[in-house]
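As structure tokens, the structure follows; a few thoughts come after it.
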Amino acid sequence: MNLVLVYDGGCPFCRHFALRSELVGGLPDLRIRDGRADHLLRADLRARGLDLARGAVLLEGEQAWHGAEAIAELCGRLQPSDPLLALLHQLFAAPPRARRLYPLLLWARRTALHWKGLPEDPDQAGPRQA
């Protein structure tokens, strides 16, 4: 069954992780989708209670993981040939550690989106106002 990682394509960190996971993560069935660019996918996820503004989503059939659980599940399955992914595999494969560290990833995402002038929530009309 195919794995689908839905990430925020506006975040350079998210994009880099998603692309590297797809290319050198050792998971031939992994597909990535830019949730920021795909409004219909984002609406479907939101209807299921999976808000892209609060974290990445990993899908496998009807099963869905969100946020820290998505990253833990994905990192636990990675078989990376890449040193960065090997490090992330070590850091995030254990769900309790992923839950503790995930807020740092969200902070980095918010910061990167702010620098780019993009709203944290892809469903907002324009850049976040100060």
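Among the helices (runs of 4 or more DSSP H) confined wholly to the range 35-93, which include 3 or more residues that are out of contact with any strand residue (DSSP E or B) (no Cβ under 7 Å at 6 or more places or on another chain), of a type in the set (A, V, I, L, M, F, W, C) and more than 16 Å from residue 109 (Cβ to Cβ)? Give the derivation first.
Working: elements: 39-47, 68-77, 83-92.
Output list reads 39-47, 83-92.
Among the numbered criteria (1) assigned to a helix (DSSP H, G or I); (2) in contact with a Leu (Cβ under 6 Å, 6 or more places away or on another chain); (3) under 26 Å from residue 90 (Cβ atoms), which single criterion is violated by residue 32?
So residue 32 meets the others, but not (1).
Which condition from (1) in contact with a Ser or Thr (Cβ under 9 Å, 6 or more places away or on another chain); (2) at pLDDT below 95 is the one that residue 32 breaks?
Among (1) in contact with a Ser or Thr (Cβ under 9 Å, 6 or more places away or on another chain); (2) at pLDDT below 95, the lone unmet condition for residue 32 is (2).
Give me the residue from the range 4-29 that is crowded, with 22+ Cβ neighbours inside 10 Å and aliphatic (A, V, I, L, M) and, out of that set, modelled with the lowest pLDDT.
Applying the first criterion (crowded, with 22+ Cβ neighbours inside 10 Å) to the range 4-29 yields 5-8, 11, 14, 17-18, 21, 25.
Those still in the list that are aliphatic (A, V, I, L, M) too: 5-6, 18.
Values: 5: 97, 6: 97, 18: 93.
Result: 18.
Would you confirm whether any residue within the range 100-121 is among the acidic types (Asp, Glu) and under 22 Å from residue 24 (Cβ atoms)?
no
If residue 65 meets every condition in (1) under 14 Å from the mean Cα position of the chain (by Cα); (2) touching a residue at least 12 places away in the same chain (Cβ under 8 Å) apart from one, which number is that one?
(2)
What is the number of the single condition among (1) over 16 Å from residue 20 (Cβ atoms); (2) in contact (Cβ under 8 Å) with a residue 40 or more places away in the chain; (3) part of a helix (DSSP H, G or I) that residue 101 does not meet?
(2)
Can you name the condition, by its number, that residue 100 falls short on among (1) surrounded by fewer than 16 Cβ atoms within 10 Å (Cβ to Cβ); (2) modelled with pLDDT of 95 or more; (3) within 14 Å of residue 7 (Cα to Cα); (4) not polar (S, T, N, Q)?
(3)
Kindly indicate whether residue 15 is closer than 18 Å to residue 109 by Cα and either touching a residue at least 24 places away in the same chain (Cβ under 8 Å) or not in a strand (DSSP E or B) (or both).
Answer is yes for this residue.
The values are calculated or read from the model by the stated rules, or taken from the named source; none is laboratory data. Source: prediction; values computed, not measured. All Cβ positions, glycine included, derive from the backbone under ideal geometry; neighbour counts span all protein chains shown.
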